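Take a look at the structure below.
FYI, it's all coordinate maths here, none of it is from the lab. Note that the structure is predicted; figures quoted are calculated from it, not measured. Here the Cβ is made from the backbone with ideal geometry for all residues, glycine too, and neighbour counts use every protein chain on show.
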Amino acid sequence: ETGVTQSPTHLIKTRGQQVTLRCSSQSGHNTVSWYQQALGQGPQFIFQYYREEENGRGNFPPRFSGLQFPNYSSELNVNALELDDSALYLCASSFDRSYEQYFGPGTRLTVT
Amino acid sequence: QKEVEQDPGPLSVPEGAIVSLNCTYSNSAFQYFMWYRQYSRKGPELLMYTYSSGNKEDGRFTAQVDKSSKYISLFIRDSQPSDSATYLCAMSHNYGGSQGNLIFGKGTKLSVKP
C-alpha cells in the first residue's frame, strides 16, 4: 500500500509569485484535504476535494485554489504569494470524506 | 475562545513515566476525535481515533473522550525516548455529509528523557 506523497519537499518563492504544490493520495482513497501549518501551530484546514470538486473550504482567500484529478491526486495553487504564506503545507487523504485522514510529509514553502 | 484548546507544553518526563495529554473544546457538534503524532519537520501520523465517549486502547496508548465535559485525553504508558514528538489533538463534525474539516489543537511538545 502506497502512502500519501507530496512534491516538492521544499520551495522558496518571492512575494507576489505563484506556486503549485502536488499530492498523491494513498491507494484506495478518493478524498484529498489540504492544510496549512505555521511554525508552532496546529494545521489549519484550507479545503477538501472529493470526486474532483471542492467539498468544503476553511477561512482562506480565493487566491488559494485547488484541483483534483481523476486518479484522485491533487494540486494546491497559491497566487500573489505573501510573506505570511510561509508554512508547511500538508495534504491528507481519506476514503469518502472520512475524518480518518492520513497525512503526507508536507511541502515547506518559504516566501521572501 | 478557540474551538480547540491544547496546552503547548513543553512537557518533559523520564523514560517509563505515564504521560497525560489533554484538549478541551467548545463546539458540542464535534463527534470525531483524533490524536496525531508529529516528529520534527514531518507530517502528522494518525495514532488513534474515536467516535464516541469512553476509552479506546491500542498498545501503550489510551484515548479517552468525555463529551459531557468537552474534554479528551491521550495517555501513554511506559513512555520511551522514541515517543518524543509533538502530539496534536484533532476533531471534526459531520456537516453536509463530510467529516473532513479537521480542527486541530496547537500541539503539545513531549520530550522523554532516557
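The table for this structure:
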read-out: Gyration tensor verdict on the stretch A:9-56 (Cα atoms; rounded if a/c is under 1.5, prolate if a/b is larger than b/c, oblate otherwise); value: prolate
read-out: P(r) of the protein assembly as shown over all Cα-Cα pairs, binned every 5 Å from zero, in whole percent; value: 1, 7, 15, 18, 19, 17, 12, 7, 3, 1, 0
read-out: Sorted by Cβ neighbour density within 10 Å, fewest at the top, the residues A:Val111, A:Val32, B:Val4; value: A:Val111, B:Val4, A:Val32
read-out: Sorted by Cβ neighbour density within 10 Å, fewest at the top, the residues B:Ser68, A:Ser24, A:Ser86; value: B:Ser68, A:Ser86, A:Ser24
read-out: Whole-number D in µm²/s for the stretch B:7-114 (Stokes-Einstein; Kirkwood sum over Cα pairs; 37 °C, 0.692 mPa s); value: 232 µm²/s
read-out: Chain A: relative contact order as a whole-number percent, Cα under 8 Å and 6+ apart; value: 37 percent
read-out: Packing-based exposure ordering (other Cβ within 10 Å, fewest first) of A:Lys13, B:Lys113; value: B:Lys113, A:Lys13
read-out: Net lengthening on full extension, B:Arg60/B:Asn22 (0.36 nm per residue, minus Cα-Cα); value: 12.0 nm
read-out: Under 23 Å from the Cα of B:Lys67 - lysines, other chains or at least 8 residues apart; value: B:Lys2, B:Lys56, B:Lys106
read-out: Chain lengthening between A:Asp84 and A:Asp96 when straightened (0.36 nm per residue, less Cα-Cα); value: 1.1 nm
read-out: Positive-end residue, chain A charge dipole about Cα centroid, Cβ charges, pick of A:Ser24, A:Leu81, A:Ala38; value: A:Leu81
read-out: If the convex hull is drawn through the Cα atoms of chain A, its volume per residue in Å³; value: 92 Å³
read-out: For chain B: relative contact order, % (alpha-carbon pairs under 8 angstrom, 6 or more apart); value: 37 percent
